[in-house]
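The next block holds one structure in the form of structure tokens; read it before the comments.
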Amino acid sequence: MDRKDIIRSPFFYVGDKYKLMPQLKKLFPKDINNYIEPFVGGGSSFLNSVGKKYVLNDIDYNIILLHKELGKYADKPKELIEKLYNIIDFYGLSCSYRGINVPEEIKKKYVKTYYSKYNKNAYLKMKQDYNNDKNNVLLLYLLLIYGFNHMIRFNSRGEFNLPVGNVDFNKNVYTALINYLDFRKNNEITFENTDYKEFLNNIQFEEGDYIFLDPPYLISMSEYNKLWNDKKEIELCQFLDELDVKGVKFGITNLIYHKGKENETFSDWSKKYNVYNVNSNYISFNDNTVKSSSREVFVTNYKKQ
Ligand SMILES: C[S@@+](CC[C@H](N)C(=O)[O-])C[C@H]1O[C@@H](n2cnc3c(N)ncnc32)[C@H](O)[C@@H]1O
């Protein structure tokens with residue numbers, strides 16, 4: 001599997017596993033019955049995996065809401081795209097995929113930031129409208145697409161509070177949406193929205209089930225890492241030991257070193273299992289520099305097939 005064969009998730013989620021999937025997939029079991037993912041995020045992993053059914057979960061209410069909303073259009077991609085275009089046009093956002101481009105004079109004046117300059121006011125209005133009435137989930141999707149780093153962030157008052165990003169609805173977004181809907185149409189998928197332990201405790205595991213875990217990385221920075229700490233890392237490792245005793249196959253990604261920090265808990269725990277180095281060029285979303293000192297790994301409790 002090359003990068004070109006990989007389906008990109010339409011959420012462009014921070015920390016997504018899109019670039020790693022060609023390497024990780026080679027290490028997945030060959031025949032997966034239920035593909036189970038407790039930290040699904042934007043979904044770039046399940047979209048590139050083969051299971052008979054998909055059982056997915058994330059603690060983030062909004063990402064699950066978005067998966068469920070887009071899934072409603074699995075059989076009618078045209079309808080979704082039209083609805084999105086209507087919103088884009090209503091607010092007057094640029095849409096490079098349809099040739100609704102930022103005017104040349106703005107492009108020349110703001111060479112590297114013209115999308116954000118052009119879309120700023122329209123984005124603000126869309127954000128205000130969404131915060132006044134959260135029923136239109138497609139507004140949330142477009143806030144993510146046109147927003148800073150394609151992130152979802154709410155303040156303590158429950159208001160979406162990210163600024164405009166320097167990007168618009170382009171060919172990548174269109175292609176990712178179409179591929180996502182196609183996958184949703186052709187596969188049996190359920191989504192849960194709870195803590196990973198509750199999610200996994202409620203599953204009656206069957207022969208051939210596989211759990212892929214991509215938890216928040218303890219020693220890297222990202223919005224959802226606020227939800228994670230040493231205690232949770234230890235609990236997760238213990239929980240996986242229990243699954244191993246039950247004979248359930250799992251594979252988990254993590255960072256062992258990063259920016260001079262070491263995740264000793266995970267590093268020590270992983271020695272009981274099979275540890276594969278992942279060639280990730282781990283990129284910090286804060287400074288976009290390649291951290292050659294990082295070590296990202298994939299740990300499995302089964303042998304490579
Ligand atoms: C590294 S991201 C997953 C990214 C995903 N593999 C992708 O490719 O888009 C980790 C996810 O774990 C979720 N998460 C954090 N704490 C959790 C918990 N206790 N239970 C379930 N999900 C949790 C976060 O909301 C976040 O979406």
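All of the numbers you see were taken from the coordinates with simple rules; none came from a lab. It should be emphasised that the depicted structure is a prediction, and the values quoted were computed from it without experimental measurement. All Cβ positions, glycine included, derive from the backbone under ideal geometry; neighbour counts span all protein chains shown.
What to note about this one:
- Shape category assigned to region 67-175 from the gyration tensor of Cα positions, a/c cut at 1.5: oblate
- Max mean-square fluctuation residue, GNM over the chain, Cα-Cα springs under 10 Å, options Ile106, Ile252, Ile63: Ile106
- Residues Asp182, Asp58, arranged from fewest to most other Cβ atoms within 10 angstrom of their Cβ, appear as Asp182, Asp58.
- With a cut-off of 10 Å between beta carbons, the residues surrounding Phe160 carry a summed charge of +2, where Lys and Arg count +1 and Asp and Glu -1.
- Separation between Cα centres of region 195-226 and region 108-157, rounded to whole Å: 29
- Against the chain, whose longest principal axis comes from its Cα atoms, helix 77-91 is set at around 50 degrees.
- For region 131-197: rounded, prolate or oblate by the Cα gyration tensor [a/c cutoff 1.5]: oblate
- Scalar couplings 3J(HN,Hα) for region 174-188, obtained by applying the Karplus form with A = 6.51, B = -1.76, C = 1.60 to θ = phi - 60°, are 4, 4, 4, 5, 5, 5, 5, 5, 4, 5, 4, 5, 9, 9, 8 Hz; x denotes Gly and Pro.
- Local electrostatic count at Tyr85 - Lys and Arg +1, Asp and Glu -1, tallied over other residues with Cβ under 13 Å: -1
- In the elastic network of the chain, a GNM with C-alpha springs shorter than 10 Å, the most mobile of Gly92, Gly208, Gly158 is Gly158.
- For the options Ile178, Ile234, Ile211, a Gaussian network treatment of the chain with springs between C-alpha atoms closer than 10 Å singles out Ile234 as fluctuating the most.
- Backbone HN-Hα couplings from phi across region 19-32 [Karplus 6.51/-1.76/1.60, Hz, Gly and Pro as x]: 6, 8, 4, x, 6, 5, 4, 5, 9, 6, x, 6, 10, 9
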